[in-house]
Amino acid sequence: MSETESKNDVEVFRLRARAWLEENMPPERAEPWSHADAARWPRARELQRLLFDGGFAGICFPKAYGGQGLSLAHQQAFDEEVTPYEMPLTLNVPTFGIIAATLLEFGTEEQKKRYLPAILNGDEAWVQLLSEPTGGSDLASVMTRATPEADGFVLSGSKVWSSGAYAADYGICVARTNWDLPKHDGISVLIVKMDQPGVAVERIRGVAGDDEFCQEFFDDVWIPAANVLGEIDAGWTVVRGLLVHERNSMGGASPYVSGGGLMPLSRRDEIVALAQRLELTGEPRVRELVAEAHVLSLVQDQTSQRVTDAMMRGKLGPPAGAILRLMGARVSVRRSDIALEISGADTGVWEASNPEGGVVGKRFLARQGSELGGGSTEIQRNIISERLLEMPREPAADRGVPFSQVRRNAMPSKPRG
Ligand SMILES: Cc1cc2nc3c(=O)[nH]c(=O)nc-3n(C[C@H](O)[C@H](O)[C@H](O)COP(=O)(O)OP(=O)(O)OC[C@H]3O[C@@H](n4cnc5c(N)ncnc54)[C@H](O)[C@@H]3O)c2cc1C
């Protein structure tokens, strides 16, 4: 297809999407969903089903797995059209942007046919089971154990900080299958059905009052061999791919989203709206802050576009997602601080008399999450320095050493009860 033909094709798609959205999707909610509200999960599944039935689910996923088989330009056009409507954004991270993308990249034909359509039609939500109580940054040091049996594995151990595990049907779990190999070599990635004997999920209350995070305990959980994603003991390849999808998702550059994911930050600048609501737009300091927030979002959008383009043209490798993830976190933290400064420090304790507290105050308290989720800011800096700038690697005493001989902390494996 020529460039003109493909532009026309996107415009035809845009008009079709616009008409369908107007007819079928509910208007955007006045209040964004709170993480504390579990009702957002069934609602997201319901909205996703609408998109699926209307032929707008999984725009960049192949048709063979229930998607639309269209391009990034189609997804961007769709995202521009969905702003006035309520969309199943709850499913974007991790189910769509990280897990479905990883299944698409590494799954067998059977796995893709089994799991992707059920994600795209809203039937099944997923969770990432990566971080452990002993640490999340050094993911290759996982201690959750999957012991090989005749035609599968027995899983035992614990995962933590798993967003939305309580609402998930399946999880992608990084586990150690071979303790005699160095840490990166004895890992496998397993598909875990969450509702089965031996899986216990506990919710964790966060500082902002929500209980979205979970800790899971696996007590001799049976995992059939068909549920290995990628090669046994060579799961680190899958993990690296998954982390690339995660960084792209967190940096707003994933094409595998379900509406709204690629919308430029500067086009939905809620800080301007905040200053307007509080009737503070005439205050010189507030004007400075609003301008700073807007400039940050413009710079982030342009960086995102530049890095994504460079990655798609092969000029930057997959580790470049770390730039987006780093920038996304820094901008998000600064914008939270700006919102708090505009609305007043008392918003941080959200008195009932301060209506902004519920949104601005909660975001401020949870702001550090953006520096940790998807791998911490420090780890992104390490990736940029080592893998993009080719600076020397960090020293590591465990490199090349069989994992069974590496000194490490003990792992709790039972629920608190
Ligand atoms: C919003 C949010 C959502 C999340 N969702 C999930 C999820 O769905 N599934 C999941 O498995 N996990 C999830 N996590 C966990 C997240 O991946 C971890 O918090 C993160 O990887 C860091 O691990 P940790 O918290 O164990 O910190 P640690 O690994 O213990 O690190 C502690 C501190 O040390 C720093 N540090 C560690 N190593 C280095 C180093 N080599 N160089 C410099 N500094 C270093 C880190 O940056 C951090 O500040 C989520 C976290 C957040 C905040």
Quick one: would you say Ala150 is away from the ligand (no atom under 13 Å from the Cβ), closer than 16 Å to Val238 by Cα and out of contact with any Lys or Arg (no Cβ under 8 Å at 6 or more places or on another chain)? no
The lone condition Thr83 fails out of (1) surrounded by fewer than 17 Cβ atoms within 10 Å (Cβ to Cβ); (2) within 15 Å of the ligand (Cβ to nearest atom) is (2)
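Any residue at all in the range 110-124 that is over 28 Å from Ser376 (Cβ atoms), hydroxyl-bearing (Ser, Thr, Tyr), touching a residue at least 12 places away in the same chain (Cβ under 8 Å) and touching a Phe, Trp or Tyr at 6+ places or on another chain (Cβ under 9 Å)?
Of the range 110-124, the ones over 28 Å from Ser376 (Cβ atoms) are 110-118, 120-124.
With hydroxyl-bearing (Ser, Thr, Tyr) added as a condition, the list becomes 115.
Narrowing the set further to residues that are touching a residue at least 12 places away in the same chain (Cβ under 8 Å) leaves 115.
Right, trim to touching a Phe, Trp or Tyr at 6+ places or on another chain (Cβ under 9 Å) and you get 115.
Scanning the range 110-124 turns up at least one residue that is over 28 Å from Ser376 (Cβ atoms), hydroxyl-bearing (Ser, Thr, Tyr), touching a residue at least 12 places away in the same chain (Cβ under 8 Å) and touching a Phe, Trp or Tyr at 6+ places or on another chain (Cβ under 9 Å).
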Based on what the data block shows, is Gly171 within 12 Å of the ligand (Cβ to nearest atom), touching a residue at least 40 places away in the same chain (Cβ under 8 Å) and within 30 Å of Ser34 (Cα to Cα)? yes
Please tell me if Val192 is closer than 22 Å to Val93 by Cα and away from the ligand (no atom under 11 Å from the Cβ). yes
Would a scan of the range 231-239 turn up a residue that is within 21 Å of the chain's Cα centre (by Cα) and either under 28 Å from Leu47 (Cα atoms) or surrounded by fewer than 19 Cβ atoms within 10 Å (Cβ to Cβ) (or both)? yes
Please determine whether any residue of the range 188-210 is of a type outside the set (Asp, Glu), crowded, with 17+ Cβ neighbours inside 10 Å and out of contact with any strand residue (DSSP E or B) (no Cβ under 7 Å at 6 or more places or on another chain). yes
Among the residues listed as Gly157, Gly122, the single one being open to solvent by less than 10 Å² (accessible area, probe 1.4 Å), closer than 16 Å to Gly66 by Cα, outside any helix (DSSP H, G or I) and more than 9 Å from the ligand (Cβ to nearest atom): Gly122
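If only one of Thr134, Thr144 is touching a residue at least 40 places away in the same chain (Cβ under 8 Å), within 13 Å of the ligand (Cβ to nearest atom), open to solvent by 10 Å² or more (accessible area, probe 1.4 Å) and among the β-branched types (Val, Ile, Thr), which one is it?
On the way: Thr144 fails: open to solvent by 10 Å² or more (accessible area, probe 1.4 Å).
Checking each option against the conditions leaves just Thr134.
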Checking the structure you have, find out if any residue of the range 52-68 is in contact with a helix residue (DSSP H, G or I) (Cβ under 7 Å, 6 or more places away or on another chain), surrounded by 19 or more Cβ atoms within 10 Å (Cβ to Cβ) and more than 25 Å from Glu109 (Cα to Cα). no
Spot the failing condition for Ala44; the list is (1) touching a residue at least 12 places away in the same chain (Cβ under 8 Å); (2) open to solvent by less than 80 Å² (accessible area, probe 1.4 Å); (3) over 22 Å from the mean Cα position of the chain (by Cα), and only one is missed. (3)
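Could you please let me know if Pro182 is near the ligand (Cβ under 9 Å from one of its atoms) and either open to solvent by 20 Å² or more (accessible area, probe 1.4 Å) or closer than 17 Å to Ala44 by Cβ (or both)? Walk me through it before giving the result.
Working: near the ligand (Cβ under 9 Å from one of its atoms): no; either open to solvent by 20 Å² or more (accessible area, probe 1.4 Å) or closer than 17 Å to Ala44 by Cβ (or both): yes.
In short, no.
The values are calculated or read from the model by the stated rules, or taken from the named source; none is laboratory data. Since the structure is predicted, the reported quantities are computational estimates derived from the model, not experimental observations. Because the Cβ atoms are built from the backbone with ideal geometry, glycine has one as well, and the counts that use them run over all protein chains shown. Please note that ligands, DNA and RNA were not included when accessible areas were found on the heavy atoms of the full protein model with its side chains. Shrake-Rupley method; radii C 1.70, N 1.55, O 1.52, S 1.80 Å.
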